Amino acid sequence: MNLHGYIPESVNEGPGLRAVLFISGCRHACPGCFSPDSWSFRSGEPFTEEKQQEIMHEVTTHPLLDGVTLCGGDPFFSAADLIPWVQQFRARRPDLSVWAYTGFTYEELVLEPSRAALAELCDVIIDGRYVAAERDVSLVYRGSRNQRIIDVRATQMNEKIVTLQMDAS
């Protein structure tokens, strides 16, 4: 697994101050994607154990972070490799949230075991492919109207998709 990029502090990929990991690799190839350079699974640098621990230390000791966001590419293409890092993060900082972006729908994620396991480690998943015809710059935390902001815990409890309604205010 490669890390395409890392932002230690961002306010764009979820609420509050978040660390953002961009995981290399995506096969969705959505026309109009804001990050087509992340589609290659070889882009960026290897997410070595050393790099993982360096970022883990930064995010678990940062006093102002509200959570971590997994972006890409699409982190769910590397779910099996990413799960141990997210589990370690959750164990060290259960008070912080984990958000993830994916071109898969939630319904697609839960059909594949490693993707389902990564999804269960997330608090919120922004799902669905980017659709240029559905682009809406007024949306918070997503690029097109078809994408949903899913509350994973509520979805699991209710056994149906529960979305968060967020606005720009």
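The values are calculated or read from the model by the stated rules, or taken from the named source; none is laboratory data. Bear in mind that the values here come from a model prediction, so they are computed numbers and not experimental data. Neighbour counts are summed over all protein chains in view; Cβ atoms, including those assigned to glycine, are modelled from backbone coordinates with ideal geometry. Side chains are part of the model used for accessible areas, which takes the heavy atoms of the whole protein and leaves out ligands, DNA and RNA. Shrake-Rupley method; radii C 1.70, N 1.55, O 1.52, S 1.80 Å.
Couple of notes before you dig in:
- The mean sequence separation of alpha-carbon pairs under 8 Å and at least six residues apart, normalised by the residue count of the chain, gives a relative contact order of 19 percent.
- Taking all protein chains into account, the per residue accessible area for region 1-94 stands at 47 Å² (1.4 Å probe).
- With an a/c value of 1.5 or above and a/b not larger than b/c for the gyration tensor axes a ≥ b ≥ c computed over the alpha-carbon atoms, region 1-84 is described as oblate.
- Simple point charges give the picture: +1 on the Cβ of Lys and Arg, -1 on the Cβ of Asp and Glu, and for the chain a dipole about the Cα centre of about 220 debye.
- Shape of the chain from the C-alpha gyration tensor: rounded (a/c under 1.5, with a ≥ b ≥ c the square roots of its eigenvalues).
- Semi-axis lengths (Å, descending) of the ellipsoid that matches the C-alpha gyration tensor of region 114-165: 22, 12, 9
- The charge dipole of region 73-169, taken about the Cα centre with unit charges on the Cβ atoms of Lys, Arg (+1) and Asp, Glu (-1), comes to about 180 debye, rounded to the nearest 20.
- Cα gyration tensor category, rounded, prolate or oblate, for region 27-68 with a/c compared to 1.5: oblate
- What a 1.4 Å probe finds exposed on region 75-169 is 52% carbon and sulfur by accessible area, rounded to a whole percent.
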